[in-house]
Amino acid sequence: MLDSATEELKQVWSDALEDIRKEVGASDYETWISKLQLLEIRDDVAKVAAPTKYIRDNVTWRYSDVIVNALSAGGCQINCVNIDVYDNNNSTIVAESAAPEKKQPEQKSAINLEGMTVLDKKFTFKNFIVGKPNEFAYAAAMRVAESETPAFNPLFLYGGVGLGKTHLMHAIAWHIKETQPQKRFIYLSAEKFMYLFIKSLRYKDAMSFKEMFRNVDVLMVDDVQFIGGKDTTQEEFFHTFNELVNNNRQIILSADKSPTDLDGMEDRLKSRLGWGLVADIHPTSYELRLGILQSKAKRHKIKIPDEVLEFLSMKITSNIRELEGALNRVVAHATLVGGNITIDMASNVLRDLLRSNEKYITMDLIQRKVCEFFNIKLSDLTSTKRQKAIATARHVAMYLAKELTTKSLPDIGRSFGGKDHSTVIHAVKKVKENVEKDKEFATNLEILRKTIEN
Ligand code: ADP
Ligand code: MG
């Protein structure tokens, strides 16, 4: 606590906070504002303390005006806010303030560039495990990172959530920072791009916004699907994009869909986005998941048996973020509660996650896929016909139902036109025998199983 804060100051601040929260919304308020403290008001300047440099820079850039307005509305005589970093225990100021609030446009841009491009230390090429699903995107990213002039413009990375798009973009940025430090780059989300753009319009500062973006060597915008349907932002983005490309600057974009599939995006922008190299990251494979887990497991001090890593790679198929989360949970549990990491322990700790990753396979799906595969009618499958092709298909379908669903044998029998559970047992036995003696049959069964599971 700050001893110097008078009751009155506290009251003024808590009123202002109330206003600010309404203005910026609950989540931004939590992230940025709630951790600030008002230290004093002197000579028209409000002195505010922030817990970290990062918060200070962001708040200075994004919320200075909001804070000034809120305090003024509360009757304070101020025209600027000065935000410092303080150390939590003794409220000493540990760093100089980023900049006073009423600053020149150039200064604003400079601060912003710094504070805006926040890169995750872990997201490097070195920490990126390459496998079939992402090798193309990786190679393209590497190529762009190593080139001095734009290799492909833009590089457009796309794929589902948690598959490594942001990781690759940060990796490019780290690489450029290291090997070509003279290059100016900006990495930001499309959401942030829009936020800054709208703000610059609101504060009639569009010039410095434009300048900032048009003066970089490399512009990276993450999750561009976000500006779908946001027409003015799209327009501005389009102009920025064109200008940078025309000046031979590198642009790197990511999205959850390919350029042509982006919703709410103008056609000319869509086509422009696809001009360079479009590289997709495919859903993970078992091998990639295992590779990632093995590499992450090495970093933990605790021993994780291979069979547990294999188990997790088999079961958590959704995306890499969830896979990492699963590993962390298992390790945290073992560290906190003690005991060895085993498959049993992991499945217990991850019960909810395992359930949501389980694909729900229905009897209906199995029957449909089997019919397609053997090219027979559904009514034949559930009939009592004994022709070889039909009987085989029926056996296979029953076998797969037992393997892939939790249905009981009588239940399975009933789904095939009211057959007895002993019929199902017989079918399962037949299929197992066939797998043993007929290689082609075994392969076909595997293919069929995969088409049902995917
Ligand atoms: P996206 O941006 O596609 O939603 P992220 O780049 O945020 O996904 O990746 C999610 C998490 O998975 C991150 O922690 C990232 O480090 C990790 N990750 C993704 N791909 C890989 C990979 N090939 N090797 C190692 N970690 C990866
Ligand atoms: Mg991302």
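Filter region 238-264 down to the residues that are assigned to a strand (DSSP E or B) and of a type outside the set (G, A, S), then identify the one that is nearest to K183 (Cα to Cα).
As a first pass, look at region 238-264 and keep what is assigned to a strand (DSSP E or B): 250-255.
Applying the additional criterion that residues be of a type outside the set (G, A, S) yields 250-253.
Working: Q250: 11, I251: 13, I252: 15, L253: 18 Å.
Result: Q250.
In region 329-376, which residues are of a type in the set (S, T, N, Q), in a loop (DSSP other than H, G, I, E, B) and either over 30 Å from I447 (Cα atoms) or within 27 Å of the chain's Cα centre (by Cα) (or both)? Break it down stepwise before answering.
From region 329-376, those of a type in the set (S, T, N, Q) are 335, 340, 342, 347-348, 356-357, 362, 367, 375; that's our starting set.
Checking which are in a loop (DSSP other than H, G, I, E, B) leaves us with 340, 342, 362, 375.
Matches in region 329-376: N340, T342.
I need the full set of residues from region 138-193 which are among the aromatic types (F, W, Y) and within 16 Å of ligand 2 (Cβ to nearest atom), in order please. Quick ask: steps written out before the conclusion?
Initial filter on region 138-193 (among the aromatic types (F, W, Y)): 138, 152, 156, 158, 174, 185, 187, 193.
Of everything in region 138-193, those that are among the aromatic types (F, W, Y) and within 16 Å of ligand 2 (Cβ to nearest atom) turn out to be Y138, F156, Y158, W174, Y187, F193.
So I390 passes all but one of these: (1) farther than 24 Å from T284 by Cα; (2) not in a helix (DSSP H, G or I). Which condition number does it fail?
In the conditions (1) farther than 24 Å from T284 by Cα; (2) not in a helix (DSSP H, G or I), I390 misses (2) alone.
Quick check on region 284-303: of everything there that is touching a residue at least 24 places away in the same chain (Cβ under 8 Å) and charged (D, E, K, R), which residue is surrounded by the most Cβ atoms within 10 Å (Cβ to Cβ)? Steps first, please.
Let us first name the residues in region 284-303 that are touching a residue at least 24 places away in the same chain (Cβ under 8 Å), namely 284-289, 291-293, 295-297, 300, 302-303.
Narrowing further to those that are charged (D, E, K, R): 287, 289, 296, 303.
Values: E287: 13, R289: 24, K296: 20, K303: 10.
Among residues in region 284-303 that are touching a residue at least 24 places away in the same chain (Cβ under 8 Å) and charged (D, E, K, R), the one surrounded by the most Cβ atoms within 10 Å (Cβ to Cβ) is R289.
So which of Y158, Y195 is of a type in the set (S, T, Y), assigned by TED's automatic domain parsing to the domain that holds E235 and modelled with pLDDT under 90?
Working: Y158 fails: modelled with pLDDT under 90.
It is Y195.
Mind checking whether some residue in region 264-277 is within 16 Å of ligand 1 (Cβ to nearest atom) and open to solvent by 50 Å² or more (accessible area, probe 1.4 Å)? Don't jump to the end; show me each part of the working.
Residues of region 264-277 within 16 Å of ligand 1 (Cβ to nearest atom): none.
No, that holds for no residue.
If R249 passes every condition in (1) open to solvent by 10 Å² or more (accessible area, probe 1.4 Å); (2) touching a strand residue (DSSP E or B) at 6+ places or on another chain (Cβ under 8 Å); (3) closer than 11 Å to F156 by Cβ but one, which one does it miss?
The one condition R249 does not meet is (3).
It is to be established whether one or more residues within region 304-316 are at pLDDT below 95, open to solvent by less than 20 Å² (accessible area, probe 1.4 Å) and closer than 19 Å to G159 by Cα.
Yes, because at least one residue in region 304-316 is at pLDDT below 95, open to solvent by less than 20 Å² (accessible area, probe 1.4 Å) and closer than 19 Å to G159 by Cα.
Looking at (1) farther than 29 Å from T232 by Cβ; (2) within 13 Å of ligand 1 (Cβ to nearest atom), which is the only condition Q180 fails?
The one condition Q180 does not meet is (2).
Can you tell me how many residues in region 40-70 are at pLDDT below 80, open to solvent by less than 60 Å² (accessible area, probe 1.4 Å) and of a type in the set (D, E, K, R)?
Total satisfying the criteria: 2.
Take T406 and tell me if it is open to solvent by 40 Å² or more (accessible area, probe 1.4 Å), within 18 Å of I361 (Cβ to Cβ), of a type in the set (S, T, N, Q) and assigned to a loop (DSSP other than H, G, I, E, B). Spell out the reasoning first.
Numbers: open to solvent by 40 Å² or more (accessible area, probe 1.4 Å): yes; within 18 Å of I361 (Cβ to Cβ): yes; of a type in the set (S, T, N, Q): yes; assigned to a loop (DSSP other than H, G, I, E, B): yes.
So T406 fits the description; yes.
The values are calculated or read from the model by the stated rules, or taken from the named source; none is laboratory data. Small disclaimer: the values here were computed from a predicted structure and weren't measured. Glycine gets a Cβ as well: all are built from the backbone with ideal geometry, and neighbour counts include every protein chain shown. Note: areas computed on protein heavy atoms with side chains; ligands, DNA, RNA excluded. Shrake-Rupley method; radii C 1.70, N 1.55, O 1.52, S 1.80 Å.
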